[in-house]
Amino acid sequence: MSSARVSAPFKAEFDANSQEFSLTGVVRPRSIDEVAVSISILKEAIDEVRGVLYINVKRLVQMNNTAFHAFVRVVLDACQARPDLRFVILTSSVVGWTTRMFAHLHKIEPQITVEVYDSTFYPGQDFVENTSFIPILRTQTKMTWRHERAILPRHGMRPGIAMADICCGIGDFAVLVQKEFQPARIVALDHSKASLAYAREVAAGFGISGIEYTYGDAAEMLLEDNQFDFVSCRHSLQIFNRPDVLLAELYRICKPGGRVYVTNEKNSHCLGEPRSQTIQWTYSEVAKLFSHFEMDVELGPKSRRYLADAGFDDIVVESFMVTNLDGDPQDFADVIAAWENVYAGEMAVKRGDSPEFIQRFRQGFQDHIFAALHPKGYAGWPIWVGSGRKPL
């Protein structure tokens, strides 16, 4: 790999292994001479690659016309000189202007295509950003918070730290942390604009104004390296088809000596009594359903391996069971009903499951609700917590 830092915070880089040339940061030169080194890296990349050259502008925060025309001129000239070479420009909806700025190049030159990276990053995106699921998430967090508020200090949470909550969803976890632990700073990032709008309402309802709610792609964050003492990412590694990519980003923004904290599930271990057999069957099928959409809701016990592979040390892993005895059993029943609506009502239908399968699938959720509300019943939802330290 060859790279050159032109002028902070701008970087141009070429990775020969992936045939990817990337531009990150703010590129606002007054003359072409200021980006000459970067232009040379691009030209060297074009000379070296065969087939496809990927041009990654997913983290390109700003670019003026001087820089744009300089880089584009090189690419257009290469299209004429190298008819065997294709260019794929990777943009992000988070930095929407890049898609608009580069999109017209395909009309000029068919060898150039523009792809919005995060529109297809994880196949289950439509389900996890489903606005109908938003209201129940607050109840879900209320149930897990009873456990997490005691667990968090063992994983590095303390007053006065700089914290990031990545894939923050509706933002209620950040609000609870702010009230309980008083970090000096919280940045809460999510890819769902609807969830972030709800998050701001939740914070306003608690009279909290200090949380920095930010729209972003967790796999390509615009946050700088080594910023945060504590980085949380709850119930999210399991819905990315590349959890290693997400963990690499969490590692990057964490300060050396800081900790990354993740929670994930093992859905096949959800349980209930009475009617345990139908419940167990349904949640085993939930795991298979998510796997079909390239998500892994069995990830919980794998947390230690993922954290170790990402480079963390001092890894701590523990688990807890959310049950119908944690407060009002109706809360648990409402959460299960929401799962049924999304998993059986949408995901199974999209997979193409038969009406007979979906009916049996739904029965397990309904039996889980029965167990949660039964005066002698027990219903459980297991969650794994893992954290690791970024080495000094």
Sorted by chain and then number, the residues having a modelled amide H within less than 5 Å of the amide H of Ser236, at least 5 places away or on another chain, are Thr263
With a 18 Å threshold on alpha-carbon distance, the violating pairs from Lys288/Lys350; Lys11/Lys43; Lys266/Lys288; Lys266/Lys350 are Lys266/Lys350
For the chain, the longest principal axis of the Cα atoms and the Cα long axis of helix 65-81 enclose an angle in degrees, to the nearest 10, of 80 degrees
Which of (i) 33.1, 139; (ii) 21.0, 70; (iii) 23.4, 77 gives Rg and Dmax of the Cα atoms in Å as computed here? It is (iii)
Long-range amide H partners of Gly257, meaning residues 5 or more apart or on another chain whose placed amide H is closer than 5 Å, are Lys390, Leu392
In nanometres, the difference between 0.36 nm per residue of separation and the alpha-carbon distance of Lys376 and Arg305 is 21.8 nm
By the mean-Cβ-within-10 Å protection proxy, highest first, 262-271, 308-317, 93-102 rank as 262-271, 93-102, 308-317
Along segment 297-306, Karplus-curve 3J(HN,Hα) (6.51, -1.76, 1.60; θ = phi - 60°) to the nearest Hz, with x for Gly and Pro, reads 7, 9, 5, x, x, 7, 4, 4, 5, 4
If one compares the long axis through the Cα atoms of helix 243-253 with the longest principal axis of the Cα atoms of the chain, the angle in degrees, nearest 10, works out at 70 degrees
To the nearest 0.05, the calculated FRET efficiency linking Val245 and Ser276 through their beta-carbon distance, R0 being 35 Å, is 0.40
Under the helix-only model (-39500 (n - 2.57) for each DSSP H run of 4 or more, divided by the residues of the chain), the mean residue ellipticity at 222 nm, to 500 deg cm²/dmol, is -12500 deg cm²/dmol
Judged on accessible area alone, 1.4 Å probe, highest first, Phe181, Phe365 line up as Phe181, Phe365
Once phi for every residue in segment 105-111 is put through the Karplus expression 6.51 cos²θ - 1.76 cosθ + 1.60 (θ = phi - 60°), the whole-Hz ³J(HN,Hα) values, with Gly and Pro written as x, are 5, 5, 5, 6, 9, x, 6
Karplus-derived 3J(HN,Hα) from phi for segment 213-225 (6.51 cos²θ - 1.76 cosθ + 1.60, θ = phi - 60°), whole Hz, x at Gly and Pro, runs 7, 10, 7, x, 9, 4, 8, 8, 6, 8, 6, 7, 5
Note to self: C-alpha centroids of segment 162-188 and segment 339-388 sit apart, in Å, by 29 Å
Computed over the chain: longest principal axis from alpha-carbon atoms vs helix 134-151 long axis, angle to nearest 10 degrees, is 80 degrees
Checking Lys255, Lys350, Lys302 against a Gaussian network model of the chain (alpha-carbon springs below 10 Å), the top fluctuating residue turns out to be Lys350
Candidates Asp84, Asp225, Asp165; GNM for the chain (alpha-carbon contacts under 10 Å) flags as most fluctuating Asp84
Counting sequence-distant residues (5 or more places) and residues on other chains, those with an amide H built under 5 Å from that of Val114 are Ile89
Out of Asp190, Asp296, Asp47, a Gaussian network model of the chain with alpha-carbon springs under 10 Å gives the largest mean-square fluctuation to Asp47
If the label point sits 7 Å along Cα→Cβ of Lys193, residues of segment 19-58 with amide N under 13 Å come out as none
Stretched fully, the stretch from Ala184 through Arg30 gains (0.36 nm per residue minus C-alpha distance, one decimal, in nm) 51.7 nm
So for R0 = 30 Å, FRET eff. of Arg73-Tyr215 from the Cβ-Cβ r, to 0.05, ends up at 0.40
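The values are calculated or read from the model by the stated rules, or taken from the named source; none is laboratory data. Keep in mind that what you see is a predicted model, and the values were worked out from it rather than measured. So basically every Cβ, Gly included, is an ideal-geometry build from the backbone, and we count neighbours across all protein chains shown. For the accessible areas, the whole protein counts, side chains as well, though only heavy atoms, and no ligand, DNA or RNA atoms are used. Shrake-Rupley method; radii C 1.70, N 1.55, O 1.52, S 1.80 Å.
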